[in-house]
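Novice: My structure is below; once you've seen it, I'll send some questions.
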Amino acid sequence: MKKQRSESREHIKRSLWQQNRFLILRRLTQVFFLGLFLAGPWAGIWLVKGTLSGSLTLDILPLTDPFLLLQTMLTGHWPELTGLLGGVIVVLAYMVLGGRLYCSWVCPMNIVTDAAGWLHRKLDLKKGWQPKRQTRLYMLVTVMLLAMGTGSLAYELVNPVTMLHRGLVFGMGFVWGVVVIVFLFDTFVSRHGWCGHLCPMGAFYGLLNHKSLLRVSASNREACDDCMDCFEVCPENHVISPALRGKGEQTPLILSRDCTDCGRCIDVCDLNVFEFTHRFNTKINHHNENEPGRVDPVTSFAKGAQQ
Amino acid sequence: MSDLKKSGLISVKRRQFLGDVARIACGCAVTATFLTVYQVQVKAMPPDAIRPPGALPEEDFLAACIRCGLCVRDCPYDTLKLADLGDGGPATGTPYFIARDVPCEMCEDIPCIEACPTGALDHSLKQIDKADMGVAVLIDQEHCLNYLGLRCDVCYRVCPVIDEAIKLVMTPNTRTGSHAVFAPTVYADACTGCGKCEKACVLPEPAIKVLPTRLARVKGAEHYRLGWEEKAKAGNALVPGLIDLPDRMPEDASSVPDFKPLFNPGKGKP
């Protein structure tokens, strides 16, 4: 892909840390959460018991996956108070912070699909099969209808996300096979296919993402020179345009519920266009002419004509 | 069709939208069909897999259990484990145990039920003696040492509900003609299905096994009245004035040397 970069960019030197801070922080967070669950079985330090589906922290804090809890309730079973309480805590936390934080900061499958995404870019492969983004919402509805219709947690028989986490904490069995399938699917069949198009669990957490506080803002969008680095790396790149290409005082916030708050766009942007902020901060940094930035085709044409 | 198009009733956009929805719906329908069939299949538990105490009936259990593994973590004897994908066991990720490996030790405080956040293990079960994980069945009398006339008694001795769930019922040893067989006999109402008998059986393969209740027990015939019970309920003979005629004995019985009748009809009558 041809990239348009402003020439004055060459003097910009960013450290490896700056180029990868949120990626590194995300990996550390993912490993931290996994470590909490593994410290018990591996080292006998029982801070957290259970799995992401349902857990008990420090023998006091119950957490339950609301995606599973909802299915259970749709089968007609009313869960115990601990389970309900755990579900409410998780829902509230993600609604306030950002629903799809689960996807990019907690979910163990994210490491797999990110790796697939990386390989996909390295091999410069075609996008492949790209089902509509809303397919996952239909999948979510299907999963819920299945729970209602069959009276059992049918999707849990194949849910790669809970399966992988349970496998890591309790023993993998054939779960490696499922992981390999998701990896190959995302690499060779469909770019960002699983997390970006199909996973009903991600769709569910996306629904909690409507009004959450943490948002990425393209507050410095006037500095953008259309290099497309962010679009290339973003697993949900349709969320960027409204914020980045907004005109005038249109909000620079990425408000789409599909944004996973992974912060990779902040990492890869040499021109510091993006930043993490809260949803009420609609500030736009107005551009100074002398700094590198978007090459306006009209002015650049005019400049060329003058010379 | 073309008229509709001209009139703008079916725009290109709408056609595209409907096409997309149809494709997605088709994919979802395939997924749903596969999962519907699959979830029916996993309901058939392998007969040696036993659910933890207080587990709801299998159908309800698969609706309520979120596969979190908290019951496994709180089991002090490492009895419980989660089913692995593809090992032919119960539904993936659900808790179970194999009695011959590690039986349930029947903790009095039932920590596994306590740990369950959804009630897939029924929190109303407070006494472990009332648990109904399955029923022990003496499955092979021909190899059971007690049935062979020996005094193994191991299953009887280890039973946590000794003399209620397993009793030794004395019967004549027909092989020797002069000894007794102490037959281990399971009384299903008292048996919790903990599997300690199955674990303890000294044979290479257990002669006594815990089976799911649906396999081990049948429903009694409700239409069939048991005369002696009805009589006890009524407090007297159901048919008044019934004459009990004396049983006929061989006429020359007294002439046979050492003849002892197997039973004496005169005795044991109320």
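Novice: Got a sec? Which of A:K13, A:K49 is farther than 25 Å from A:L207 by Cβ and either in contact with a helix residue (DSSP H, G or I) (Cβ under 8 Å, 6 or more places away or on another chain) or of a type in the set (V, I, T) (or both)?
Specialist: Values: A:K13 fails: either in contact with a helix residue (DSSP H, G or I) (Cβ under 8 Å, 6 or more places away or on another chain) or of a type in the set (V, I, T) (or both).
Only one candidate passes the filter, namely A:K49.
Novice: Being farther than 21 Å from A:Y102 by Cβ and of a type in the set (V, I, T) is the filter here; which residues of the range A:178-196 pass it?
Specialist: A:V180, A:I181, A:T187, A:V189
Novice: Out of A:T251, A:T260, A:T277, I need the residue that is assigned to a loop (DSSP other than H, G, I, E, B), of a type in the set (V, I, T) and modelled with pLDDT of 90 or more. Which one? Lay out the reasoning, then the answer.
Specialist: Numbers: A:T251 fails: modelled with pLDDT of 90 or more; A:T277 fails: assigned to a loop (DSSP other than H, G, I, E, B).
Matching residue, one of A:T251, A:T260, A:T277: A:T260.
Novice: Continuing with this model, one more query. Condition first: part of a helix (DSSP H, G or I) and over 17 Å from the mean Cα position of the chain (by Cα). Now tell me which residues in the range A:121-139 satisfy that. Write out each step before concluding.
Specialist: Of the range A:121-139, the ones part of a helix (DSSP H, G or I) are A:121-122, A:135-139.
Across the range A:121-139, the qualifying residues are A:R121, A:K122, A:Y138, A:M139.
Novice: What do you reckon, is A:C107 hydrophobic (A, V, I, L, M, F, W, C), crowded, with 19+ Cβ neighbours inside 10 Å and either touching a Gly at 6+ places or on another chain (Cβ under 7 Å) or without any contact (Cβ under 8 Å) to a residue 24 or more places away in the chain (or both)? Reasoning before the result, please.
Specialist: Values: hydrophobic (A, V, I, L, M, F, W, C): yes; crowded, with 19+ Cβ neighbours inside 10 Å: yes; either touching a Gly at 6+ places or on another chain (Cβ under 7 Å) or without any contact (Cβ under 8 Å) to a residue 24 or more places away in the chain (or both): no.
Judged against the criteria, A:C107 is not a match.
Novice: Here is a further query. Among the residues of the range B:54-71, how many are facing chain A (nearest Cβ under 7 Å) and not in a loop (DSSP other than H, G, I, E, B)?
Specialist: So the answer is 6.
Novice: Could we say that A:D226 is under 21 Å from A:W17 (Cα atoms) and of a type outside the set (V, I, T) here? Walk me through it before giving the result.
Specialist: Details: under 21 Å from A:W17 (Cα atoms): no; of a type outside the set (V, I, T): yes.
No.
Novice: Further, regarding this structure: I'd like to verify a number: residues in the range B:81-113 that are surrounded by fewer than 17 Cβ atoms within 10 Å (Cβ to Cβ) and in contact with an Asp or Glu (Cβ under 7 Å, 6 or more places away or on another chain), how many?
Specialist: Total satisfying the criteria: 3.
Novice: Among the listed residues B:R73, B:R51, identify the single one that is surrounded by 24 or more Cβ atoms within 10 Å (Cβ to Cβ) and either without any contact (Cβ under 8 Å) to a residue 60 or more places away in the chain or of a type outside the set (A, V, I, L, M, F, W, C) (or both). Reasoning before the result, please.
Specialist: Numbers: B:R73 fails: surrounded by 24 or more Cβ atoms within 10 Å (Cβ to Cβ).
Matching residue, one of B:R73, B:R51: B:R51.
Novice: On the basis of being more than 12 Å from chain B (Cβ to nearest Cβ) and in contact with a helix residue (DSSP H, G or I) (Cβ under 8 Å, 6 or more places away or on another chain), does A:L125 make the cut?
Specialist: On the way: more than 12 Å from chain B (Cβ to nearest Cβ): yes; in contact with a helix residue (DSSP H, G or I) (Cβ under 8 Å, 6 or more places away or on another chain): yes.
So A:L125 fits the description; yes.
Novice: All but one of (1) hydroxyl-bearing (S, T, Y); (2) within 13 Å of chain A (Cβ to nearest Cβ); (3) within 26 Å of B:P117 (Cα to Cα) hold for B:T79; which doesn't?
Specialist: Evaluating B:T79 over (1) hydroxyl-bearing (S, T, Y); (2) within 13 Å of chain A (Cβ to nearest Cβ); (3) within 26 Å of B:P117 (Cα to Cα) leaves (2) as the failure.
Novice: Now, a different point. State yes or no: is B:D129 part of a helix (DSSP H, G or I), more than 30 Å from A:G86 (Cα to Cα) and either among the β-branched types (V, I, T) or more than 14 Å from chain A (Cβ to nearest Cβ) (or both)?
Specialist: Values: part of a helix (DSSP H, G or I): yes; more than 30 Å from A:G86 (Cα to Cα): yes; either among the β-branched types (V, I, T) or more than 14 Å from chain A (Cβ to nearest Cβ) (or both): yes.
In short, yes.
Novice: Got a number for residues in the range B:84-107 being part of a loop (DSSP other than H, G, I, E, B) and either under 13 Å from B:D48 (Cα atoms) or β-branched (V, I, T) (or both)? Can you show your working first?
Specialist: Keep residues of the range B:84-107 that are part of a loop (DSSP other than H, G, I, E, B), which gives B:84-94, B:99-107.
From what is left, the residues that are either under 13 Å from B:D48 (Cα atoms) or β-branched (V, I, T) (or both) are B:88-90, B:92, B:94, B:99-103.
Looking only at that region, the number is 10.
Novice: Does the range A:151-169 contain at least one residue that is more than 7 Å from every other protein chain (Cβ to nearest Cβ), farther than 18 Å from A:C195 by Cα, surrounded by fewer than 23 Cβ atoms within 10 Å (Cβ to Cβ) and without any contact (Cβ under 8 Å) to a residue 24 or more places away in the chain?
Specialist: no
Novice: Please go through the range A:37-64 and pick out each residue that is surrounded by 13 or more Cβ atoms within 10 Å (Cβ to Cβ) and either away from chain B (no Cβ under 13 Å) or among the hydroxyl-bearing types (S, T, Y) (or both).
Specialist: A:T51, A:S53, A:S55, A:T57, A:T64
The values are calculated or read from the model by the stated rules, or taken from the named source; none is laboratory data. Model, not experiment: these values are computed from the prediction. Counting neighbours? That spans all protein chains shown, and the Cβs are built from the backbone with ideal geometry, glycine included.
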